[in-house]
Every structure is written in C-alpha cells, then in structure tokens.
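Colleague: Below you'll find the structure I mean.
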Amino acid sequence: MNNPMQSKEEKVLESSIEKLIQRVQDMKNSLGSFIMKLETEYTSMTWPTVLDNFALLSGQLNTLGRLLKGDGMPTLRNHILLPLALNPDRDPEIEKLTEGRVVAFNHDVVPDYLRTKPEPEVEERSQQLITKAVTVMADNAQKQLTVLNKITSNILDIINSHKDDWESECNKNSQQQQTSSMNETTSLLQATLFGKGLKQPRRQEPVTTQQPPTSMQNQTQKIQGGAGKVQSTVKTNIKSGSTMHPYQRP
Amino acid sequence: MALNFMDVFYRAYLGEPPNDALSKSMANSVVTQAIQGGIAPYQEYLLQGSIVDTSRDVLLHRLQGLCDNAEGMPQKFQDHEMVFMMRGNTPQQIISFRVRHSLHQRQNWVLRYTGQTEIGDKNRQTLVRTCCDVATSDNVVQFLNEMGFRLDNEFIAKGFFFHKGRMRVTVSKIYKILQHDNLDNLEQLTMSHLVELSVVAPVGQEQIGEDMKAFAEQLKPLVQLDKIDHRRLQTF
C-alpha cells in the first residue's frame, strides 16, 4: 500500500523539478544571450532593446515564482539533500551537468552550494538586531510603531492626493483637446453657404421687390392716361404711387 | 487657331499635359470643353472644419510650421462677402454669385461662381465642385443688380491665410453685419473659426485629394477637416 503512494509522490516531485529545471534553463539562456549582446553589440545597442531584455528576464522570473507557489508544486522544504560523501577528485559527470562550473564535489564548494542558513557573519548581525529589538521596552516599541504608521499613512495620503491631482489634470487636458465642435462647423457652413442667420438685419428686400410693380403700375396708368380714359382715378393713383416710392425727391 | 490658343493656354497655365493616352484624352476633353464654354473648367477640392477661438493660436502655430509661408506673421485678411441670387421660374432654379472684396485692399473684387457640391463615394477624399473666379472692378455689385440679381446675404470674414504648394488654408471668423451700410458694426456668428482647405485645379486631378487628406491628418486632433455634405446642411 505504502509503496505505490510513495512512488506517486516521487513522480510528482520529479516532474515538478523537471519543470523547474526547464524554467531555470530558459532564464539562463536569455541571461546568457543578453550578456553576449552587451559584450558584443554594446556600440549599436539601443536602450529600448536593453529594456526588452529586462522585461523578458522579469517575465521569466515571474513565471518561475508562480511555478514555485503553484498548487502542483510539492512543498520542497520538506525534502532534504544529504551529502553522503565528498570527493576531492575531478568528477566528469558533475562537470558535464554544471557545464564546467563545478569540477568536483569537494569540501571547497559544498559549504557554498548546499548552504541552508545565512553566512555566519550575517547570522551574527541578525542576532544582534534581534537582541536589540528584544531590549526595547514594549511601550516604547508601541509608541514608535504608531509614529511610524502615522508617518507612513501621511506619506500615502500625500502620494494619493498627488495622484488625484495628476489624474484630474490629465482629464482636464484631454477635455481641452476638444478644440473643434461639429455643431459650430455646421452653423458656420450653413451661414456661409446658405446665409443662415445672416439675412435678418436687412429690411430693404420687401421695399425693393415692391418697387418695380408700382413703377410698372405708374407707367401703365400713365399710358392709360395718355389714351384719355378715366383721368380722375389716374391722378389719385399717381399720387399714392409717388408717396409709396421709397426714394422721395426733396 | 482657337485650338492652338487653348493648347498654348493649357501648357502655360496648367503645365505640360501628361503623356499617357487617358490623360491626353482627358486633356483634350478639357480643352474642347474650355473652347465650347468659353472658360477653362476648374474644380475646387474642398475640406472643411472649425476650431474654437481659444485654440485658434495653437492651430495657427501648427499651420505656420506646416505651410510654405512659414517666416514672419501669418498673412491676415478681412473680406466682405455678398451673395447675390436670381430666382428662376421654379424655386429650384436659383443662380447665385458671390462677390468678395478685401477690406484691406479695397480695389480687390472677386466674383465667384460655384457649382453643385459633389460628395462622391468613399474613394474620393474631398468635396468637389466646379468653380469660376473672376477678378472684377468695384462696380460689379451695380452690374449684378442691373442684371436682376438681388443681394441675399452678406458677411464679413476675418482671418488668416496659408498656402502649401497649391493647397490653400484659411482660418477665418465669420461676422454678421448688423447694419447694412456699416461694415464696422459687426456681431460674431459663433465662438469658432471656420477652417477650409482647398485647391483649385483643372478637371480630373483626383490625386490632389490624397495630398489634402494627408495634410488634414496632420492637423488632427486640433481640427477635424472633413468633406461635409452640403445638401444635408441645407435642411434647416
């Protein structure tokens, strides 16, 4: 019963480690090509391509992180690596696996590669800090904590208000970009093409259109008068015609 | 004789006719049309838009950078335009002429006739209308009146003039004349300037539309120069 279970777990572990190695290999490749580019093409390289490379690397780091935190990943900290023997001689197998970086599994490299704790100096310093933290009075610590929180929240407020200002300014700018309006275009064109809104001030038009008929009337009536028919009406008509005439003589 | 003259005219004013057969036949038809009509047929390619007064200076700066007369101040103009009409027997039969005269150079009078505006299809980038501009003397108004034309409306256009190659750009503010005989008593019509991009060219030069479209693109998003259907505007 126990055996198949174990083998299953082992399989999962193996496959996930396989995946991890694949990811790390990818990252190593892109790092290598980036370094290569930096060394060989540094004269012609542009800043955007450098940024592209950084973006690629950070993307790969992200996927690696996601893989480690993912559900399929067994808790790696529960597994330990136990070195059974050190060998001071060259080991061609390990040299091939590490592409020549580690030539032998000896006492020189093992403390670095199999390290699970920080370096002794680092450990010492962190210990110092921990003891210092313990000696601080609880009251005092609380006070400092609140002060720090206050400062942080203040800074956060300032940053947020600046952000709001920025955004509103951006919005304003985008609103100002409304530099033309279709309605205005339409009314301008209607005015220039068809005279919409421009005809109102002139009141001479009815007079000028009225004028020709009256003069015509006068002429025909004059002709009639010349023919000697109903002279009295002709006279009055002429009079009314002359008063209607817009251009009166002084 | 006449053909020769028109040929010379064509070469002198419109450049060497293009060599391929199509253009040649087109050029010939242009010439025959010119002989029959008595005037060389020109077309105006037109894009229109507007800009609000507050952003006008930004547009002027951009135009100054884009256009040929870049150095110095942009060229100003102030024109008085009068639209004369004569109605025929039916309401549709309206003939109209536009008289424009400069208030800066009082001797400059121009009589302009424009045909029906064609909107065309999507392939055509601009409005196209036939047009005829004639420089006249200052008694053109009297002449038109005596022919039976009547003043329909008038306005004052004050603004700026630019050119790039044969493209012409005007940025002008339209004013209503409050008193017929007082050209200083004005009232602005809108809070915007009218922007027009136009080229007057012989018939059949559709390539201009592309150039104009490219130029109009450079004024975006400040001004949206479009081909605006005049027939749709007429319904008000």
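Colleague: Let me know the shape class of the range B:126-196, please: from the alpha-carbon gyration tensor, a ≥ b ≥ c as square roots of the eigenvalues, rounded when a/c is under 1.5, otherwise prolate if a/b is greater than b/c, or oblate.
Modeller: Note, shape of the range B:126-196 comes out oblate.
Colleague: What fraction of the Cα pairs in the range A:1-137, stated in percent, has a spacing above 18 angstrom?
Modeller: That fraction is 75 percent.
Colleague: What is the distance in Å between the Cα centroid of the range B:201-229 and that of the range A:63-104?
Modeller: 68 Å
Colleague: Same structure, new question: Could you tell me, in Å, what Rg and Dmax come out for the Cα atoms of the range A:1-79?
Modeller: Reported Rg and Dmax, both Å: 18.0, 65.
Colleague: Mind checking the full-extension length gain between A:Leu76 and A:Gln142? Use 0.36 nm per residue of separation minus the Cα-Cα distance, one decimal, nm.
Modeller: Extra length from A:Leu76 to A:Gln142 when fully extended: 20.1 nm.
Colleague: What are the ³J(HN,Hα) couplings of the range A:86-98, residue after residue, when phi is run through the Karplus curve with 6.51, -1.76, 1.60 and θ = phi - 60°? Round to Hz, x for glycine and proline.
Modeller: 9, 10, x, 7, 5, 10, x, 4, 5, 5, 5, 4, 9
Colleague: For the range B:86-131, report the convex hull volume of the alpha-carbon atoms normalised per residue, in Å³, without decimals.
Modeller: 107 Å³
Colleague: Please work out the FRET efficiency for the pair A:Asp157 and B:Lys76, using the Cβ-Cβ distance as r and a Förster radius of 41 Å; give the result to the nearest 0.05.
Modeller: Efficiency at R0 = 41 Å is approximately 0.20.
Colleague: In debye, nearest 20: dipole of the range B:42-233 around its Cα centre with unit charges on the Cβ of K, R (+) and D, E (-)?
Modeller: The dipole of the range B:42-233 has a size of about 240 debye.
Colleague: Total accessible area buried between chains A and B, 1.4 Å probe, in Å² to the nearest 100?
Modeller: Adding both sides of the contact gives about 2700 Å².
Colleague: Just grab the label-to-label distance for A:Ile17 and B:Glu206, each label 7 Å out from Cα along the Cβ direction, in nm (one decimal).
Modeller: That separation, rounded to one decimal, is 7.3 nm.
Colleague: Between the range A:8-32 and the range A:145-195, what's the alpha-carbon centroid distance in Å?
Modeller: Their Cα centres are 49 Å away from one another.
The values are calculated or read from the model by the stated rules, or taken from the named source; none is laboratory data. A quick note: this is a predicted structure, and the numbers were derived from the prediction, not measured. In this analysis, Cβ positions are derived from the backbone assuming ideal geometry, glycine residues included, and neighbour counts consider all displayed protein chains. Keep in mind that these areas ignore ligands, DNA and RNA; they rest on the heavy atoms of the full protein, side chains included. Shrake-Rupley method; radii C 1.70, N 1.55, O 1.52, S 1.80 Å.
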